[in-house]
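Read the structure below first, then the notes.
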Amino acid sequence: MLNALLSFYPETELSQEHGLVVFPSNAQLALRAHGMADTTLRRHLAALVDCGLIIRRDSPNGKRYACRGRGGDIHEAFGFSLAPLLARAEEFEQAAERVQAENRALRLARQRITLHRRDIHKLIEAARQEDISGPWDALWTRFRAIVTEIPRRAVLADLEPIAARLAALREEIDKLLESHVNAGNTGGSESQNGRQQSNSESESLNEYKFILGNELNEKPVLVQRSGNPSRACPSAYPLELVLRAFPEFADYATAGIKNWRDLMATAVQVRGYLGISPSAYDDASRVLGPENAAIAIACIAQRAQHIQSAGAYLRSLTQKARAGAFSMEPMIMAALKANGTAPRMTR
């Protein structure tokens, strides 16, 4: 009904200069409201008045009309005043921002739950197939009990505790798998421990390969190593280009992404949503550099539906970068091409 009333305003923006009173008849309003019944129309108009969105400006005889001069200008009009909309514009903008923030938080909570559900299911299934010792049946029972509590139509207050419980369960499973990987890392000498640690890293990567499938079969791209051997390459990509490649990543930021610090702060937040352990992200930051690690998180978040284990995928990229066989450029260019906005890269 409010849209129908606004359609009778002659300008595109409300302004005191052009007057704020519209004066359609009920018949005209009914047509603009897609044939609304007269009783329903009156009820909706009364509701708008009660909410303080419009004000009745009645004429002496109760009809709606405008008094015009010889030039056709309106001197006085009787009908419905839209002045409250103009006076409360800031209030409505703030309310709209709150609704958008709540919807964004709800969407992120649902996404966190979806990612945790997928990863927990895959990890327990993989552990069973590999005959890894652990209370997998009990963990599966707990997992299904949490999942059955997810309501079909939920508010943020319903989803946050469920997401937290799934995150705790995921962390427990990760610890069991890490303890299994590190079970053989015991020995007498320091050199033996070093060799076993190296072997365990390779074993850990191999253990996750069957989870990732073809995601690890990308053709490596050799890059020139910088002077610091612990970093594969410093960030050399404009932030604007990165945001164009991964536009959905900005939705995770609480106040937008205006600089590299915002991007890295958002990456730390999204890392938890994706189920990537702090150690995996810290390792990627040391090898790739904090900026490139944030770009990698943005890529993983955008391709989350195609990556079965975000943590293992990031570790794989880190291993390739440590060996000098990984570059961010193909990843960014592929994302730009997928978005239909692939420019020529200038380095």
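Since every read-out is calculated from the coordinates, none of them should be taken as a lab result. Given the structure is predicted, the values throughout are model-derived calculations rather than measurements.
So what's the gap between the Cα centers of the range 274-310 and the range 86-107, to the nearest angstrom?
32
Mind checking the full-extension length gain between Arg88 and Trp140? Use 0.36 nm per residue of separation minus the Cα-Cα distance, one decimal, nm.
13.5 nm
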